[in-house]
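Engineer: Structure below; questions to follow.
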Amino acid sequence: MYDTLIIGAGMSGLAAGIRLAYYDQRVCILEQHYSIGGLNSFYHLRGRDYDVGLHAVTNYVSPGTRRGPLARLLKQLRFRWDDFALAPQVGSRIAFPDVQLDFNNDIDLLRSEVAVNFPEERDNFERFLARLIGYDELDHQDFDVSTRQVLADVFTDPLLMEMLLCPVMMYGSARENDLEFGLFCILFRSIFLEGLGRPLAGVRLILRHLVRRFRSLGGELRLRSGVKQICADDGHAVGVVLDNGEEVSGRQILSSAGRVETMRLCGKPPTSVSAPAGKLSLVETVSTLNTPPDQIGCDRTMVFYNDSKQFSWACPSTLCDEHRGVICSPNNFRYDRAVPEGEGVIRVSTLANYDRWQGMSDEEYGLEKIRWYDRLVESAVRFVPDFRSQVIDTDMFTPKTIRRFTCHENGAVYGAPDKQPDGCTHLSNLFLCGADTGLVGIVGAINSGITMANRYCLNPGQK
C-alpha cells in the first residue's frame, strides 16, 4: 500500500513525488512509457540530441530572486539556482504584417516598443500592466472572464490586442480564439514580466535533477507501467489496475494524465464528462544547420509570427496552419559559457489537425511529414532570414507524437479548454495536477504538482 500513487512522470508528477517524498511518504510514480517527461522530453536520432516540447522555461528571474514561481519551486523542492542552470534569452519578437514588437526579459523594452508603434495606447498599456501585476492567481478572481473582452475594454487599437494575445495563446491556451483572463495574467507575467530562459543542456538537465532527487528520497518510479483503470469504492479511490493486470493500492492518487483522460480511467467515457477534451494540437519542424543561426542573421530567441492583422488560434481544417506559429532557436540564449562553434538548430511550431494526421496510413504519414516540413519552413522564412541552404538534417513531430507520449485526447498540447484550478474530482482522494489545473509550461507544471501535493496529500503540520 502506497501513501500516494502518481499517474504520469511529467514535470508535475515528478515535482509532486519529490514534495511528498520529503515527508517520508511512500510514493510511486506510474509512467506508461519507457521515458520520462511527457511532452517535455528528449530523444536521440542520427547521432544528435533533440528536445521535445521545451522552447524555453518561462518565469525566468535572476539567480537569488526570492519571489515568483521559479523561486517558489526551487524552495519547495530544495534545489539550488545552479541546478537548473537557466540562461536568459537574447531577445524575442512578435511579428505581424508591417509591425514588430521586440521584447526580452526586461519589460521596459516592450514598454518602449508599444510607445513607438502604438503611441496612443501608451497610458492604457501602463494601466494594464499594473492590473496584471496585481492579479492574484491563488484566489481565482475573474479567472474565467474572456480575455478578448478585457482587452477590448482597455485598448482602442485592435492590432495591439491581437499582438499581445499571439505569444500568450501560443504558449498556453487550450481554448480556441480566446482564453480565461486568469490564465492570460499568469502567462503574460511568465513571458513578459519575468521572462524566458533555458539550460544549455536542454530539458534533459531539468528532468535528470527531478528524477535523481525523487529516487534519492526513496520514491519509486515505474516506467512501462501504464494505468488502465482507477478503482474506487464508495466515492473513494482505492488504487489502480495497470495495463498488465497488476493491481496497485494507494491511499490517495494524483493524476497528471488530464481531466478527461483521468475520468476515462475511472470508467467515465468522454461523452459523460461535462468538460470537453481539448482540440488544439501542434506540429513542429526541427532544422539542424551547419552554422549557428545568428551567423546568418537569425539572432532572435523566439519569433511569434502571424501573417494577418487578426490573430486566429483554432484547429486548422488542413493538416497544419501555415499562417502563424513560433520560430525558436535554442542557440540564442545568453549561456554562461561559450557554445562550441558548429551546428545550430531552428524549430518551427504551429497548430495542426489531430484527426487528419491520425487518419493516415503509415505511408501517407511519412510523405505528409516531408511535404509539410517544406511548407512550414517556407512560411517561417517570411519572418526570419532564409536558413534553408544551411540545413543539414531535419526531423518533425506531429499530433500523433503528442498523443503517444501524453495520452491527451486529440493530442491536445495544453489539455482541456475548461480548467479545474482546485484539482478536485468526483472521488474524495483523487486529484488532478498539471495543465488541466490551469498552470502550464515547465515552471507552471512543476508548481502545479507542488501545489496539489501540499494542498491534498500532506497533513497541515507538514506543509
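The values are calculated or read from the model by the stated rules, or taken from the named source; none is laboratory data. For clarity, every value in this text was computed on a predicted model and none was experimentally measured. We place every Cβ from the backbone using ideal geometry, glycine too, and count neighbours over all the protein chains shown.
Engineer: Filter the stretch 49-77 down to residues that are of a type in the set (D, E) and out of contact with any helix residue (DSSP H, G or I) (no Cβ under 7 Å at 6 or more places or on another chain), then give me how many there are.
Structural biologist: Within the stretch 49-77, residues that are of a type in the set (D, E) and out of contact with any helix residue (DSSP H, G or I) (no Cβ under 7 Å at 6 or more places or on another chain) number 1.
Engineer: Among the numbered criteria (1) closer than 30 Å to G297 by Cβ; (2) among the charged types (D, E, K, R); (3) surrounded by 12 or more Cβ atoms within 10 Å (Cβ to Cβ), which one does D98 miss?
Structural biologist: (3)
Engineer: From the list E247, E220, which residue is among the acidic types (D, E), assigned by TED's automatic domain parsing to the domain that holds V440 and touching a residue at least 24 places away in the same chain (Cβ under 8 Å)? Working first, answer last.
Structural biologist: Working: E247 fails: touching a residue at least 24 places away in the same chain (Cβ under 8 Å).
The unique qualifying residue is E220.
Engineer: Among the strands (runs of 3 or more DSSP E) confined wholly to the stretch 1-52, which include 1 or more residues that are farther than 21 Å from Q229 by Cα and within 18 Å of the chain's Cα centre (by Cα)?
Structural biologist: Passing ranges, in order: 41-45, 48-52.
Engineer: Related question: Got a number for residues in the stretch 207-260 being assigned to a strand (DSSP E or B) and not small (G, A, S)? Can you show your working first?
Structural biologist: Within the stretch 207-260, the subset assigned to a strand (DSSP E or B) is 220-222, 227-232, 237-242, 247-255.
Filter once more, keeping what is not small (G, A, S): 220-222, 227-231, 238, 240-242, 247-248, 251-254.
Adding up the residues that qualify gives 18.
Engineer: Say we look at the stretch 408-463 and pick out the residues that are of a type in the set (V, I, T) and part of a helix (DSSP H, G or I); which of these is nearest to A232 (Cα to Cα)?
Structural biologist: T437
Engineer: Same structure, new question: Give just the number: which of (1) surrounded by fewer than 20 Cβ atoms within 10 Å (Cβ to Cβ); (2) in contact with a strand residue (DSSP E or B) (Cβ under 8 Å, 6 or more places away or on another chain); (3) within 26 Å of S329 (Cα to Cα); (4) not polar (S, T, N, Q) does H209 not satisfy?
Structural biologist: If we test H209 against (1) surrounded by fewer than 20 Cβ atoms within 10 Å (Cβ to Cβ); (2) in contact with a strand residue (DSSP E or B) (Cβ under 8 Å, 6 or more places away or on another chain); (3) within 26 Å of S329 (Cα to Cα); (4) not polar (S, T, N, Q), just (2) comes out false.
Engineer: Please verify whether P330 is modelled with pLDDT under 95 and either crowded, with 20+ Cβ neighbours inside 10 Å or not in a loop (DSSP other than H, G, I, E, B) (or both), treating the condition exactly as stated.
Structural biologist: So P330 passes the test.
Engineer: Picking from K309, K268, which residue would you name as being over 16 Å from A412 (Cα atoms), assigned to a loop (DSSP other than H, G, I, E, B) and assigned by TED's automatic domain parsing to the domain that holds A453? Write out each step before concluding.
Structural biologist: Details: K309 fails: assigned by TED's automatic domain parsing to the domain that holds A453.
From the options K309, K268, the qualifying one is K268.
Engineer: Do the conditions hold for R300, that is, is it of a type outside the set (F, W, Y) and either assigned to a strand (DSSP E or B) or without any contact (Cβ under 8 Å) to a residue 40 or more places away in the chain (or both)? Working first, answer last.
Structural biologist: Numbers: of a type outside the set (F, W, Y): yes; either assigned to a strand (DSSP E or B) or without any contact (Cβ under 8 Å) to a residue 40 or more places away in the chain (or both): no.
No: the conditions fail for R300.
Engineer: Looking only at the stretch 404-424, filter to residues that are farther than 9 Å from L280 by Cα and touching a strand residue (DSSP E or B) at 6+ places or on another chain (Cβ under 8 Å); which one of those is surrounded by the most Cβ atoms within 10 Å (Cβ to Cβ)?
Structural biologist: K419
Engineer: Based on this model, can you work out whether H55 counts as touching a residue at least 60 places away in the same chain (Cβ under 8 Å) and either crowded, with 23+ Cβ neighbours inside 10 Å or under 21 Å from A201 (Cβ atoms) (or both)?
Structural biologist: Taking the combined requirement at face value, the residue satisfies it.
Engineer: Would you point out the residue of the stretch 228-252, among those that are in contact with a helix residue (DSSP H, G or I) (Cβ under 9 Å, 6 or more places away or on another chain) and buried (at least 24 other Cβ atoms within 10 Å of the Cβ), that is nearest to L439 (Cα to Cα)?
Structural biologist: Once the filter is applied, the top-ranked residue is I230.
Engineer: Would you check if there is a residue in the stretch 76-85 being under 20 Å from Y171 (Cβ atoms), in contact (Cβ under 8 Å) with a residue 60 or more places away in the chain and within 22 Å of the chain's Cα centre (by Cα)?
Structural biologist: Yes, the stretch 76-85 has at least one match.
Engineer: Just to be sure I understand the filter: pairs with C-beta atoms under 6 Å, separated by 6 or more residues or on different chains, first member in the stretch 347-372 and part of a strand (DSSP E or B), second member of a type in the set (S, T, N, Q). Which pairs pass?
Structural biologist: V348/T285; A352/S281
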